[in-house]
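The values are calculated or read from the model by the stated rules, or taken from the named source; none is laboratory data. Only a predicted model underlies this, so the values are computations on that prediction, with no experimental measurement involved. Every residue, glycine as well, gets a Cβ built from its backbone with ideal geometry; the counts of neighbours run over all protein chains shown. Ligands, DNA and RNA are stripped out before the accessible areas are found, and what is left, the full protein with its side chains, is counted by its heavy atoms. Shrake-Rupley method; radii C 1.70, N 1.55, O 1.52, S 1.80 Å.
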Amino acid sequence: MPPTGLVIDETDAHKHHDYKLHFDRAHSNGNGTQLLERELEEDDIFSEVHKLTRYSDGTVKLRNSNIELMDQDILYHLALGSESHDLQEMFGDVKFVCMGGTPKRMENFAHFIMNEIGYKLPAGHQLQDISAYSYRYSMYKVGPVLCVSHGMGTPSVSILMHEMIKLMYHSKCHDPVFIRIGTCGGIGVEGGTVIITEDALDGQLRNSHEFTILGKTVHRPAKLDKKLARELKSLASTDDPYDTIIGKTLCTNDFYEGQGRLDGAFCEFSENDKMEYLEKLRENGVVNIEMESTIFAALTYHAGIKAAVVCVALLNRLNGDQVNSPKEVMNEWQERPQILVSRYIRKVLAQKGQLKALFGHQGSIKSPRRFKLVQQESQAHE
């Protein structure tokens, strides 16, 4: 097995995938001992990565020494800067970073989580989009919870993830938890089902994400924290009028051909081809398809950040390709992952005695001159 947590080449990625398949098959045969061994080994691997990505006080350490040599690190797509803003004052208390595709969804989640954790804004204040001047992503802070939109697809998520991880570093955050809240297409599960990702797989069913860096192909393990996934699953209620399951997620680079849809501008395969492909995915334990999980998992794991992906299925792909449920139904479905994540956040804050009397600042400008320059620089390119 390759030394996971480090950049690995394509050959090693295949070995890593084969290793996982071996244990997955053992699990399907009811061999609980081997499953336990795999989980224990993965916990050890996370511990080793954590050592590389934390300072002695527990704050986030970057795997890039160049950042420490810079006069200012401009988080360009967030309209923030390490010297223009007092990032530690603004974000130092962040414990949870919740991400979703659209700005409106994350604004709604910010208001929702504010009520759920009993957060009170100071008199005369209202929630503001901290990254409004970037015109790219939206960001809302609700006490220890940061709500951020990540756009659609792996490139958009990759850009945001680099800058969010750097934001955690500059803010001196202690062991933040990242959770992606999204939508997906189900495979053999009905619309409205909440799905917690166990393993994020690429289009070739590899548990890794492929990068091209300086012209070379590298793979990084797309590993999520299984303990966190199980904890989230445990918070599903028997009173919920829908199912919450754990399974493997396929991450594609495209909504149409890459997901085997027949309704794109191009389609050079038959319906039988599509159904055979979807059945193959189901046989390999895949329960949903989306477009962000591998990059999200690969970068959080490489940064030693505990992470999870929680999505709601908008349809069962075995029954069709188009999302045609009524808007009000889909809006209610999209609240379901938010409810589960809010239960987790409430539980953690309650355990730490931090559920009440949460107050915070919407922003602090350390250098007005540099703040203006960062704002102008971000606005200059659209």
Scanning the stretch 167-197 for residues that are over 21 Å from Gly101 (Cβ atoms) and in a strand (DSSP E or B) gives His174
Of the conditions (1) surrounded by fewer than 15 Cβ atoms within 10 Å (Cβ to Cβ); (2) in a strand (DSSP E or B), the single one that Thr249 does not satisfy is (1)
If you go through Leu299, Leu318, the only one that is touching a residue at least 40 places away in the same chain (Cβ under 8 Å), part of a helix (DSSP H, G or I) and over 21 Å from the mean Cα position of the chain (by Cα) is Leu318
Checking the structure you have, find out if any residue of the stretch 82-95 is part of a loop (DSSP other than H, G, I, E, B), more than 30 Å from Val329 (Cα to Cα) and either open to solvent by 60 Å² or more (accessible area, probe 1.4 Å) or touching a Gly at 6+ places or on another chain (Cβ under 8 Å) (or both).
yes
Hey, does the stretch 173-182 have a residue that's in contact with a Leu (Cβ under 9 Å, 6 or more places away or on another chain), over 27 Å from Val145 (Cα atoms) and open to solvent by less than 40 Å² (accessible area, probe 1.4 Å)?
no
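The rows are residues; the columns are (1) among the polar types (S, T, N, Q); (2) in a loop (DSSP other than H, G, I, E, B).
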{"site": "Asn253", "(1), (2)": "yes, yes"}
{"site": "Arg261", "(1), (2)": "no, yes"}
{"site": "Phe266", "(1), (2)": "no, yes"}
{"site": "Phe269", "(1), (2)": "no, yes"}
{"site": "Asn272", "(1), (2)": "yes, no"}
{"site": "Met275", "(1), (2)": "no, no"}
{"site": "Leu281", "(1), (2)": "no, no"}
{"site": "Asn288", "(1), (2)": "yes, no"}
Scanning the stretch 217-246 for residues that are of a type in the set (A, V, I, L, M, F, W, C) and open to solvent by 40 Å² or more (accessible area, probe 1.4 Å), the one farthest from the chain's Cα centre (by Cα) turns out to be Ile245
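Working only within the stretch 97-107, note down all residues that are in contact (Cβ under 8 Å) with a residue 12 or more places away in the chain and either open to solvent by 10 Å² or more (accessible area, probe 1.4 Å) or in contact with a Gly (Cβ under 7 Å, 6 or more places away or on another chain) (or both).
Those that are in contact (Cβ under 8 Å) with a residue 12 or more places away in the chain and either open to solvent by 10 Å² or more (accessible area, probe 1.4 Å) or in contact with a Gly (Cβ under 7 Å, 6 or more places away or on another chain) (or both): Gly100, Gly101, Thr102, Pro103, Arg105, Met106, Glu107.
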- Going by the conditions given, is Val148 open to solvent by less than 20 Å² (accessible area, probe 1.4 Å) and either assigned to a helix (DSSP H, G or I) or in contact with a Pro (Cβ under 8 Å, 6 or more places away or on another chain) (or both)? no
Please verify whether the stretch 260-269 includes one or more residues that are more than 30 Å from Lys95 (Cα to Cα), open to solvent by 10 Å² or more (accessible area, probe 1.4 Å), of a type in the set (D, E, K, R) and in contact (Cβ under 8 Å) with a residue 12 or more places away in the chain.
-> yes
From the option list His111, His125, single residue qualifying as part of a loop (DSSP other than H, G, I, E, B) and more than 19 Å from the chain's Cα centre (by Cα) is His125
Given (1) without any contact (Cβ under 8 Å) to a residue 12 or more places away in the chain; (2) open to solvent by less than 60 Å² (accessible area, probe 1.4 Å), Glu68 misses just (2)
